[in-house]
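Worksheet for the structure shown next.
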Amino acid sequence: MNQILVIEDEKEIAALIEKALKEAGYQACLAHTGEEGLALLKEKEIALVVLDVMLPGIDGISVLEKIRAAYNNVPIIMASAKVQEEDKIRGLRAGADDYIGKPFSLEELIARVESQLRRFTYFNKGMPKEQVLEAKGLTLDEKHHRVELYGKEVKLTPTEYDILWFLLKHKGEVFSSDDIYKKLWAEKYYEGNNTVMSHMWRLREKIEVNPKKPEIIETVWGVGYTIGES
Ligand code: CA
């Protein structure tokens with residue numbers, strides 16, 4: 001079974017998270033610095049990363065950027081005492097899949113871990129994968145989890161992939177941020193709007209010629225987002 005990597009410098013907190021993960025039936029490994037964490041990611045099969053923002057040496061956001069720069073699309077949950085909205089958006093923009101503010105309950109963390117793993121597994125393995133979705137120069141190959149824009153591969157995080165997959169799957173329909181959040185996260189921890197907007201921003205940066213005037217994922221003002229039929 002693949003492991004969950006916890007990168008957290010406060011040893012007591014790291015031990016508590018490890019214990020909770022094990023009680024929930026997961027295997028966990030700990031790193032107390034970003035450097036250690038990055039080394040473990042290379043060594044082991046890691047299914048998900050819980051990543052603290054404030055770390056000695058390289059900070060959590062830089063660790064996150066390094067993981068994504070290496071084209072590793074492992075789900076990442078950022079944990080931080082800095083629950084300011086701007087920090088959260090910074091984390092999500094840098095490629096985190098979810099963000100949890102410290103102090104958090106271990107129950108909430110486990111719920112978020114489950115949610116991320118479920119989405120990741122669902123979109124990666126649980127569905128018939130022979131399908132290729134296409135629109136506006138985009139090709140999304142469900143089997144290989146691969147996205148191309150006019151034949152050129154676009155690297156997306158799992159969350160960006162899910163959002164794009166969802167909109168392509170329902171081409172022609174319009175969904176609000178809340179709709180997208182509910183469909184993809186389907187969780188009780190409700191903080192939808194900004195989360196979806198941050199991911200949407202990054203996704204557009206990657207696939208739109210001009211993200212401020214998006215032509216693939218259109219904004220229907222006051223309603224939501226859509227990939228049109230034509
Ligand atoms: Ca810390």
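At-a-glance table
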read-out: Cα-centred dipole magnitude for segment 3-124, charges only on beta-carbon of K, R (+1) and D, E (-1), debye, nearest 20; value: 360 debye
read-out: Cα centre as origin, Lys/Arg/Asp/Glu Cβ charges: the chain dipole, Debye; value: 480 debye
read-out: When each of 136/169; 19/102; 66/206; 102/155 is checked by Cα-Cα distance, pairs over 20 Å; value: 102/155
read-out: Of every Cα-Cα pair in segment 4-152, the percent that sits beyond 20 Å; value: 51 percent
read-out: The chain: angle of helix 11-23 to the longest principal axis, Cα-based, in degrees nearest 10; value: 70 degrees
read-out: FRET efficiency, 1/(1 + (r/R0)^6) with R0 22 Å, evaluated for residue 149 and residue 194 via beta carbons; value: 0.25
read-out: Accessible-area value, residue 55, 1.4 Å probe, nucleic acids and ligands omitted, Å²; value: 20 Å²
read-out: Distance between segment 135-166 and segment 68-114 - C-alpha centres, whole angstrom; value: 23 Å
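The values are calculated or read from the model by the stated rules, or taken from the named source; none is laboratory data. Being a predicted model, the structure only gives us computed values, none of them experimental. When we count neighbours, we look across all protein chains shown, and the Cβ atoms used for this are built from the backbone with ideal geometry, even at glycine. Just the protein is used for accessible areas: all its heavy atoms, side chains included, with ligands, DNA and RNA removed. Shrake-Rupley method; radii C 1.70, N 1.55, O 1.52, S 1.80 Å.
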